[in-house]
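Visitor: Here's a structure for you.
The values are calculated or read from the model by the stated rules, or taken from the named source; none is laboratory data. Computed from a predicted structure; not experimentally measured. A quick note on method: Cβ atoms are made from the backbone with ideal geometry, for glycine too, and the neighbour counts reach across all protein chains shown.
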Amino acid sequence: MATSKKTTRKTPAKKADKAIALAPSDDLFATVAGYIEEIRRALIRQANSATVSLFWRIGQRINREILHDARAEYGEKIVSRLATQLSWAHVVEVLPLKTPEE
């Protein structure tokens with residue numbers, strides 16, 4: 001005689017049921033926090049290094065192309081004029097003129 005298996009369906013677990021509680025002695029949190037902090041510090045070092053490299057390259061170009069390897073006179077405001085030109089260039093990129101006269 002064949003026996004029939006009674007199948008029961010489990011109701012889907014609620015989100016609260018899926019949460020995993022870490023034991024107080026478990027150092028998973030501390031380890032993950034350490035990983036995050038390690039990478040955060042590495043990213044800061046990389047960003048600082050890239051910024052220094054950028055400023056060095058900009059300074060070299062200014063020295064070579066504007067100052068012609070001479071010392072700038074006091075008050076020339078080379079960097080502020082360059083910043084103004086760069087700012088305007090970004091405005092033109094974002095809001096292009098329809099015709100050259102505009």
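Visitor: What residue, among those in the range 25-46 that are part of a loop (DSSP other than H, G, I, E, B) and at pLDDT 60 or above, is nearest to the chain's Cα centre (by Cα)?
Guide: If we take residues in the range 25-46 being part of a loop (DSSP other than H, G, I, E, B) and at pLDDT 60 or above, then Asp27 is nearest to the chain's Cα centre (by Cα).
Visitor: Here's another thing I want to ask about it. Do the conditions hold for Ala50, that is, is it surrounded by 10 or more Cβ atoms within 10 Å (Cβ to Cβ) and in a loop (DSSP other than H, G, I, E, B)?
Guide: No: the conditions fail for Ala50.
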